Amino acid sequence: MHYELIPAHNPGPYTGAGNNTYLLNGKSPVLIDAGTGDSRHVTGVADALIQSPSTSLTKVLVTHGHADHASGISALMTRWPEVVAAKMPWPERDDRYSVFWTPIADGDLIPAGDTTLQAVHTPGHAPDHLCFLDSTSGVLFTGDLVVGGSTVMIPASSGGDLVAYLASLQRVLSLKPTRLLPAHGPAIDDPVTLVRHYLDHRQSREDQILAAIRAGVDTVDRLVSHVYKLLDPQLIPAARESVLAHLKKLRVEERIQTDANRWTST
Ligand SMILES: [Zn+2]
């Protein structure tokens, strides 16, 4: 399976060096993720297509509805009016983009380049999150399920769900991928080590939060400053979301309870 990384040219505090999008060239050129509409991204896709037997983009597969993955769809449709925009539905988020999204469901097989990709529903970072597996090579396009060189934000108050996220990581392990291609950061050639590290990281964070609650640390803000010492103020909103994601999981498991924004163990 041949793919080419086309950078989206959108560096920032939440996107690192900027998003990776991936072009699968061949019979039916397909782009994974839409970027944000930067003209250098659209030109990058067009330049890569020149080397393809078919120089028109046929489809854009969007891993999830966050703006850095989806908002570039209008610019791509302006450049290639026939292109099909496809993603798993997330109705309240999809309405932000003035295009028709062709729905993708878990398990769908999608011709892409000279291969076929399988859609793998992997909610947790976002409810509509999809990975795309090339089962011949074992390459998995992971969107934001993993981030090369970092951990993943679970936006607990806007569609994030830690229980679902952990199940998605387990599901990816069971697929035995050989290589992960994330939307941020470098490729990962030892998927098992990284995913196990992610699972261990969440478990130790949970242990830390539970211990703090048992010791009487009882609000989200106090938990944030307890768990993340010396945190960059810019990152506090993300840290709050992450703590909240753990609290919601622990509440579902009936290990903690909440009353008027105070959290206590059961
Ligand atoms: Zn995202």
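The values are calculated or read from the model by the stated rules, or taken from the named source; none is laboratory data. Since the model is a prediction, treat every value here as computed from it, not as a measurement. Counting neighbours? That spans all protein chains shown, and the Cβs are built from the backbone with ideal geometry, glycine included. The area values use the complete protein model at the heavy-atom level, side chains included, leaving out ligands, DNA and RNA. Shrake-Rupley method; radii C 1.70, N 1.55, O 1.52, S 1.80 Å.
Within segment 148-162, not a single residue is more than 16 Å from the ligand (Cβ to nearest atom), closer than 25 Å to Thr258 by Cα and surrounded by 13 or more Cβ atoms within 10 Å (Cβ to Cβ). Does Ser137 satisfy being touching a residue at least 40 places away in the same chain (Cβ under 8 Å) and exposed (fewer than 15 other Cβ atoms within 10 Å of the Cβ)? The answer is yes for Ser137. Screening Asp114 on (1) away from the ligand (no atom under 15 Å from the Cβ); (2) in contact with a helix residue (DSSP H, G or I) (Cβ under 9 Å, 6 or more places away or on another chain); (3) modelled with pLDDT under 95 shows it passes everything except condition (2). Determine if segment 37-58 includes at least one residue that is within 16 Å of the ligand (Cβ to nearest atom), of a type in the set (D, E, K, R), farther than 24 Å from Thr116 by Cα and open to solvent by 20 Å² or more (accessible area, probe 1.4 Å). Looking through segment 37-58, none of the residues is within 16 Å of the ligand (Cβ to nearest atom), of a type in the set (D, E, K, R), farther than 24 Å from Thr116 by Cα and open to solvent by 20 Å² or more (accessible area, probe 1.4 Å).
Within segment 163-192, the residues that satisfy the criterion of being more than 23 Å from Gly12 (Cβ to Cβ) and either within 12 Å of the ligand (Cβ to nearest atom) or in contact with a Lys or Arg (Cβ under 6 Å, 6 or more places away or on another chain) (or both) are Val163, Asp189. Tell me yes or no: at least one residue of segment 66-74 is over 17 Å from Leu31 (Cβ atoms), open to solvent by 10 Å² or more (accessible area, probe 1.4 Å), free of Cβ contacts under 8 Å to residues at least 40 places away in the same chain and more than 14 Å from the ligand (Cβ to nearest atom). Taking every residue of segment 66-74 in turn, none turns out to be over 17 Å from Leu31 (Cβ atoms), open to solvent by 10 Å² or more (accessible area, probe 1.4 Å), free of Cβ contacts under 8 Å to residues at least 40 places away in the same chain and more than 14 Å from the ligand (Cβ to nearest atom).
Screening Leu166 on (1) open to solvent by 30 Å² or more (accessible area, probe 1.4 Å); (2) outside the structural domain of Gly16 (by TED's automatic domain parsing); (3) aliphatic (A, V, I, L, M) shows it passes everything except condition (2). Checked against the criterion of being touching a residue at least 24 places away in the same chain (Cβ under 8 Å), surrounded by fewer than 21 Cβ atoms within 10 Å (Cβ to Cβ), within 16 Å of the ligand (Cβ to nearest atom) and not charged (D, E, K, R), segment 92-110 contains one or more residues that satisfy it.
Give the residue, chosen from Val243, Val217, Val224, that is farther than 17 Å from Ala156 by Cβ, surrounded by 14 or more Cβ atoms within 10 Å (Cβ to Cβ) and touching a helix residue (DSSP H, G or I) at 6+ places or on another chain (Cβ under 6 Å). None of the others qualify; the one that does is Val217.
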